[in-house]
Amino acid sequence: MMSWRVSLSLGLLALLLVGAGPLRAAPTPLVVEAALDREVVAPLLDAFRAAHPEIRLVYHDRSTLEVDARVAETDPAPDVVISSAMPWQMARVNQGYARRLDSLAARRWPAWAKWRDEVFGFTFEPIVMAYRLDLSRHMAPPQTHADLHTLLTTERETLEGKVTTYSPLKSGVGYTLHQQDARYTPRFWDLVAGMGRVSAHLEGSTRAMLEGLSDGRYWLGYNLLGSYAMVWAQEHPEVIVQVPRDYSLVMMRMAFVHRDAPHPVAAEAFVNFLLGREGQRVLAGQTPLFSVRPDIVGPFTAARLRDQVGERLFPIPLNASLLALVDPQRRAAFLERWRREFRRAEEE
């Protein structure tokens, strides 16, 4: 027979369990692989966590090429993939790595900012030039691509080693931007040669370019991500951001749910939040990533940017044409010409 002490202990345990209420399940994990600086996107991540406390968000901030490599890793696969290297994202989706999102937010998303309801451009970020305030004491800062080419030609000695831009070899987004520039700037290759003549430094990220501008190593930066540059300039008054007045490329961060997402329900909730009114409201009001939705009001919206810059905005199209940019032969040919034009000064 069970002793009264044991019976009493079991009774107390039962009362404690009843008083504690139902046991809570551990939050569902969600792994996001992203080429998007954590400090820039932090307000959006915080808002998602507040809206979905049942999901434990794990966010990895990597380079565009690192993120692309993670897509093919399926042990385990990431839940959500975000990158600014638009051709690489499109190629992975074309290879079947994305899960179709069947939601009201996905169906209502603008057709120009999605592909097959599988991948979605959820930001609208201008590509800019930036310069140190010191530059204006020596020359008129460039406002157009033609101005930049002129300075590289006429101020060659002054700008020697003081110019920076993306390396198309080290950065997927850098390669994409230079490819797009070649479409819109008739003298693009002359511009590349001009940067070679002043021994421009080729960086792998916008952050590296901005750090160089702030510490004085660089005076002038070309093709920076406007979102990062605008945040940086708010805290570093020595850096001035210039949206080119002849035209400005616009890049979109592209997000998709991985086909092998270990936590597909949480992954779909995250992407729906990016596309939804609340997520886009945070983008427009608390980040410089620029929201896409036309029904959002805030300092950073696509509509407001168009009002300020007008028809000079050239969004990189989110369609199958991006696939051509990652064709191995085409990419090899482009990079070979880049190297040749950048070294042209050595032959002159």
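Heavy atoms of the protein chains alone define the surface here; on that basis region 227-348 has 46 Å² accessible area per residue at 1.4 Å probe size. Toward the positive end of the charge dipole of the chain, with +1 on the Cβ of Lys and Arg and -1 on the Cβ of Asp and Glu, the farthest Cα among VAL31, SER167, TYR247 is that of VAL31.
For the chain, set up a Gaussian network in which alpha carbons nearer than 10 Å are linked by springs, and say which option among ALA77, ALA111, ALA200 fluctuates the most. Between ALA77, ALA111, ALA200, it is ALA111 that shows the largest mean-square fluctuation.
At a Förster radius of 56 Å, what calculated FRET efficiency corresponds to the Cβ-Cβ distance of SER103 and THR150, to the nearest 0.05?
The calculated FRET efficiency here is 0.65.
Within the chain, the ratio Rg/Rh, alpha carbon atoms throughout and Rh by Kirkwood, equals 1.11. For region 47-144, applying the loop criterion from DSSP together with a ceiling of 13 other beta carbons within 10 Å to the GluC sites (Glu not before Pro) yields GLU54, GLU73. Based on protein heavy atoms only, region 44-169 ends up with 42 Å² per residue of surface accessible to a 1.4 Å probe. Counting only Cβ charges, +1 for Lys and Arg and -1 for Asp and Glu, the dipole size of the chain around its Cα centre is about 720 debye. Against the chain, whose longest principal axis comes from its Cα atoms, helix 4-20 is set at around 40 degrees. The sum of -39500 (n - 2.57) across all DSSP H runs of n ≥ 4, divided by the residue count of the chain, sets its helix-only mean residue ellipticity at 222 nm to -13500 deg cm²/dmol. For the chain, averaging the sequence separation of C-alpha pairs within contact (under 8 Å, six or more residues apart) and dividing by the residue count gives a relative contact order of 25 percent.
Suppose every K and R has +1 on its Cβ and every D and E has -1 on its Cβ; what is the size of the dipole of region 44-105 about the Cα centre, in Debye to the nearest 20?
Dipole size: approximately 120 debye.
Taking ALA98, ALA255, ALA47 as the candidate residues, the one with maximal mean-square fluctuation in a Gaussian network model of the chain, Cα springs under 10 Å, is ALA47.
Considering only alpha-carbon pairs that sit under 8 angstrom and 6 or more positions apart, the relative contact order computed for region 157-230 is 47 percent.
Which order do you get for HIS258, HIS236 if you rank them by accessible area with a 1.4 Å probe, largest at the top?
HIS236, HIS258
The angle separating the long axis of helix 328-342 from the principal Cα axis of greatest extent in the chain is about 50 degrees.
The Kirkwood radius of region 88-192, taken over pairs of alpha-carbon atoms, gives through the Stokes-Einstein law at 25 °C and 0.890 mPa s a diffusion coefficient of 144 µm² s⁻¹. Structural descriptor for region 196-341: relative contact order 18 percent, calculated from alpha carbon pairs under 8 angstrom and at least 6 residues apart.
Shown for the chain: the carbon plus sulfur share of the solvent-accessible area, taken with all protein chains present and a 1.4 angstrom probe, equals 53%.
Rounded to the nearest 20, the size of the Cβ-charge dipole of region 187-229 about its Cα centre is 100 debye, with Lys and Arg at +1 and Asp and Glu at -1.
Rounded to the nearest 10 degrees, the inclination of helix 188-197 to the longest alpha-carbon principal axis of the chain is 80 degrees.
The values are calculated or read from the model by the stated rules, or taken from the named source; none is laboratory data. No experiment lies behind these values; they were computed from the predicted model shown. Note: ideal-geometry Cβ built from the backbone for every residue, glycine included; neighbour counts use all protein chains shown. Calculation scope for accessible area: heavy atoms of the full protein, side chains included, ligands and nucleic acids excluded. Shrake-Rupley method; radii C 1.70, N 1.55, O 1.52, S 1.80 Å.
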